[in-house]
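The next block holds one structure in the form of structure tokens; read it before the comments.
Since every read-out is calculated from the coordinates, none of them should be taken as a lab result. Bear in mind that the values here come from a model prediction, so they are computed numbers and not experimental data. In this analysis, Cβ positions are derived from the backbone assuming ideal geometry, glycine residues included, and neighbour counts consider all displayed protein chains.
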Amino acid sequence: MRKQTNYNQLVGRIGNEYYFCDYIFEQDTDFKGATATVLSPVPKETYDDIMDPESDAAKDRFEELWVESVKSGTTELGLLDYIAELNYTADDCFDPSGYDLWDSLREAVPSLTEDDFPVFECIGGGRSFRPDMEWDEIYNPELWAKIKAVETK
């Protein structure tokens, strides 16, 4: 029988990656673990650059999609025209998974203001915790102890 305890709490930070524990589970005595959502703040300058359809950052983000569209015959437009036609939003440029955690991240780390970091990008998830992680900062040592206990076994 599977047991699961939901947390959705910030555990710690390594560099500019913030690790949330989604839940800790136990399937059998031999299968236990913790799942994570890993968010990275996107600075305003980077955000603005990517959101500008004529920027190099936008070209980098959408070039692969454009190449695949050209190969499949779904567009005959050049890269810049293709990007302009997309009429994209931030959700098209940044993985919005973990959006529900943004407010708690801003509460825990007041320097991550919306003016300075308009979005957070989900850069990882699932079984992301290892017992030997070297944190730059731990926000919830009790939860980290629980995670290490299940990820060590």
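Extending 7 Å from Cα along the Cβ direction at ARG106 and again at LEU65 yields two label points whose distance is 2.5 nm. Backbone amide hydrogens, once placed in the peptide plane, bring GLU121 within less than 5 Å of SER40, VAL42, excluding anything fewer than 5 places away on its chain. 3J(HN,Hα) couplings calculated from phi for the stretch 102-107 with the Karplus curve 6.51 cos²θ - 1.76 cosθ + 1.60 (θ = phi - 60°) are, in sequence order, 4, 4, 5, 5, 5, 5 Hz; Gly and Pro show x.
With n ≥ 4 as the cut-off for DSSP H runs, can you work out [θ] at 222 nm for the chain, using -39500 (n - 2.57) per run divided by the number of residues, rounded to the nearest 500? Mind dumping the intermediate values first?
Details: 6 runs with 56 residues, N = 153.
Mean residue ellipticity at 222 nm (helix-derived): -10500 deg cm²/dmol.
In summary, the lysines within cross-link reach of LYS146, defined as a Cα separation below 20 angstrom excluding same-chain residues under 8 places away, comprise LYS3, LYS32. Once a ≥ b ≥ c are taken as the square roots of the eigenvalues of the Cα gyration tensor of the stretch 1-133, is the result rounded (a/c under 1.5), prolate (a/b larger than b/c) or oblate (a/b not larger than b/c)? Because a/c hits 1.5 or more and a/b fails to exceed b/c, the stretch 1-133 counts as oblate.
Taking the stretch 26-61 and a reference point 7 angstrom along Cα→Cβ of LYS148, the backbone N atoms nearer than 16 Å belong to 34.
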